[in-house]
Each structure stands twice: as C-alpha cells, then as structure tokens.
Amino acid sequence: MLAKINETAEFLRGKVSGEMPKTAIILGTGLGSLVDFIEDKQYIKYSDIPNFPVSTVEGHSGNLIFGTLGGKRVIAMQGRFHYYEGYDMKQVTFPVRVFKALGVDTLFVSNAAGGMNKEFKVGDVMIITDQINLFPENPLRGKNFNELGPRFPAMTEPYNHRLIALADEIAAEKGIRVMHGVYVGTTGPTFETPAEYEYFRIIGGDAVGMSTVPEVIVARHGDMRVFGVSVITDLGGKDITEVPSHEEVQLAAEKAQPNVVAIISELVKRA
C-alpha cells in the first residue's frame, strides 16, 4: 500500500503547478459545484491518476481539482468513492492517504444525509460533531504501517472542536441556520427503513448516510484535523411516509449549496 500511495503522490507532484495545498475538501452528492468558487483551477481526471478508483455515482464528477479557495491552496475531490460501489475500505480511503503524503493537514468533508432528529428540516446544514461507524469493516483493519499512523488511534475528537466553533461563528455572522449532530455511517445503497431510522435515533444519531466515516477514520489515523457538514436532504422515521429518491436528494443538496459554500469558503480562509 505504501508504494501505491507514494507512486500516486509523486505523479500528482509532477502534474500540479504551484505549492502543494495543506487543505483538502471531499465534496458529496449535489455539492460538487463548490468547485465553481475555486480559482486558478487545475483539473485531473481520476481515470488519469495511477491507483485511483473511479466514481460511478450520478452527481459525482470524478475530478481532482487543485486551486485556490478563500485565499488558500486546496485540493478538492469532485466525487468520492463508496463502499456500496464494490470498493474495499482501503480503496474508498486511498485519496485521504495520498492527501496526507502530499502534506495535507486539514480535511473538509461534506455529504447528503437523511435526518432523524425531530428538529431537522430538509435543506438544513448539520455540522457533524461526532460519528457512529456501522460499516461492516474498518478501513484500518489489517497490517498497520507506522508511517501512516498508530495501531490504535484515538477517536475522542473525530471532528475538530476549534473548527466547529469557528464554523458556528461564521454561520452566525452570515445569518445561516446550522444544526449540530452525530452522523451515522452505513453501507447503503438502500435508503433506510422507518425502523432503522428509529434505531439510529435511539443509539444517538441525528443523520445517516453512506460515506464519510471511513475517510474521517483514516484522516484521524494520519493526525489530520477534520471538519464535516451534512446537508439534510430527506427525513425518516416511523411517522415519515415520504419515499426518498436519489434525484430528490441531489436537488435538496443543490438548494442548500449556497450556505455550505459560504461556511466552508470562509472556514478554509480562517482555519
């Protein structure tokens, strides 16, 4: 694995002009157009990058973008990889390993999620304060490479408290309603049953999705700071009868995009 990480990192160093960013952003469903706000962009297709998987999900463009956001150099993933696509956890999290090898120390993640918190509305932006891993496999399972991180990394602060507080300040300044909550990560690709939504709520979850958790585990394994947001694109529970579709999820995420862009752009600038 180390050889592949280093090969990919060297390839990108040879392709990218300018200094390597310290900040990376993983853009989720319906949020890929955040790249419109990145200046001096350089696109590299996933299919052209050695050892990179290729995103197969509608709404995930499949580009790695280098540029400037909020006055800082950033790498942005326009489309991520999911366990439900058939990739194993090491493939899903491979880009995060490469980011670390390139010198990234701060990771921003975003996703579309179903809400089970009774105070949530469709279109809300939820700042992720913690997570629950319900994937059947941990991305750190197997041989540990000390060069990448410790065998038993602590997960007491998966999402950086200082970045959360800073995001709250920014949201207040801009008059953006933000919620806080715990993100539950599951395999998908099915949306949740009413009973599953109720179960996730009982065990402490506020929103549920099919990504993010593996990437955050690997980022923290590599001692990166992490900030995450979920766009609440649908609601679920025993009293909810609406049936979500992928198209509706994308539309809800796109409507919430200006608020996510405003928060993340300013946070990248101040972090």
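Report, by residue number, each residue of region 115-155 that is over 15 Å from the mean Cα position of the chain (by Cα), among the acidic types (Asp, Glu) and closer than 21 Å to GLU192 by Cβ. Matches in region 115-155: GLU119, ASP124, GLU137.
Does PRO158 meet the test of being over 30 Å from GLY18 (Cα atoms), more than 15 Å from the chain's Cα centre (by Cα) and either outside any strand (DSSP E or B) or aromatic (Phe, Trp, Tyr) (or both)? No, not satisfied. Just a yes or no: is a residue in region 37-44 modelled with pLDDT of 95 or more, of a type in the set (Asp, Glu) and either open to solvent by 50 Å² or more (accessible area, probe 1.4 Å) or touching a Phe, Trp or Tyr at 6+ places or on another chain (Cβ under 9 Å) (or both)? Among the residues of region 37-44, not one is modelled with pLDDT of 95 or more, of a type in the set (Asp, Glu) and either open to solvent by 50 Å² or more (accessible area, probe 1.4 Å) or touching a Phe, Trp or Tyr at 6+ places or on another chain (Cβ under 9 Å) (or both), which makes the answer no. ALA165 meets all of the listed conditions (1) open to solvent by 10 Å² or more (accessible area, probe 1.4 Å); (2) in a helix (DSSP H, G or I); (3) touching a residue at least 24 places away in the same chain (Cβ under 8 Å) but one, namely (3). When GLU198, GLU215 are checked against the criterion of being touching a Ser or Thr at 6+ places or on another chain (Cβ under 9 Å) and not small (Gly, Ala, Ser), a single residue qualifies: GLU215. Comparison of GLU147, GLU192 shows that the only residue that is in a loop (DSSP other than H, G, I, E, B), of a type in the set (Asp, Glu) and crowded, with 20+ Cβ neighbours inside 10 Å is GLU192.
More than 14 Å from GLU215 (Cα to Cα), surrounded by fewer than 18 Cβ atoms within 10 Å (Cβ to Cβ) and modelled with pLDDT of 95 or more: does that describe THR56? So THR56 does not fit the description; no.
For every residue, the table says whether it meets (1) open to solvent by 10 Å² or more (accessible area, probe 1.4 Å); (2) of a type outside the set (Val, Ile, Thr); (3) at pLDDT 95 or above.
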{"residue": "TYR199", "(1), (2), (3)": "yes, yes, yes"}
{"residue": "ILE202", "(1), (2), (3)": "yes, no, yes"}
{"residue": "THR212", "(1), (2), (3)": "no, no, yes"}
{"residue": "GLY228", "(1), (2), (3)": "no, yes, yes"}
{"residue": "LEU251", "(1), (2), (3)": "yes, yes, no"}
{"residue": "GLU254", "(1), (2), (3)": "yes, yes, no"}
{"residue": "LYS269", "(1), (2), (3)": "yes, yes, no"}
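Listed residues PHE191, PHE227, PHE200; which is under 25 Å from GLU266 (Cα atoms) and among the aromatic types (Phe, Trp, Tyr)? Exactly one residue qualifies, and that residue is PHE227. Figure legend. Inter-residue proximity from region 186-202: first residues farther than 11 Å from ALA113 by Cβ, second residues in a helix (DSSP H, G or I), beta-carbon distance below 8 Å, spacing 6+ or different chains. Indicated pairs: THR187/TYR83; THR187/TYR84; GLY188/TYR83; GLY188/TYR84; PRO189/TYR84.
Residues in region 14-38 that are charged (D, E, K, R) and within 18 Å of ASN63 (Cβ to Cβ): LYS15, ASP36.
Which of the residues spanning region 68-120 are on the phi > 0 side of the Ramachandran plot and open to solvent by less than 20 Å² (accessible area, probe 1.4 Å)? Of everything in region 68-120, just one residue is on the phi > 0 side of the Ramachandran plot and open to solvent by less than 20 Å² (accessible area, probe 1.4 Å), namely GLY79.
Inclusion of ASP130 among residues that are surrounded by 20 or more Cβ atoms within 10 Å (Cβ to Cβ) and among the acidic types (Asp, Glu) is not warranted.
The values are calculated or read from the model by the stated rules, or taken from the named source; none is laboratory data. Just so we're clear, the structure is a prediction, and the values are computed from it rather than from any experiment. Because the Cβ atoms are built from the backbone with ideal geometry, glycine has one as well, and the counts that use them run over all protein chains shown. These area figures cover heavy atoms from the full protein model, side chains too; ligands, DNA and RNA do not enter into them. Shrake-Rupley method; radii C 1.70, N 1.55, O 1.52, S 1.80 Å.
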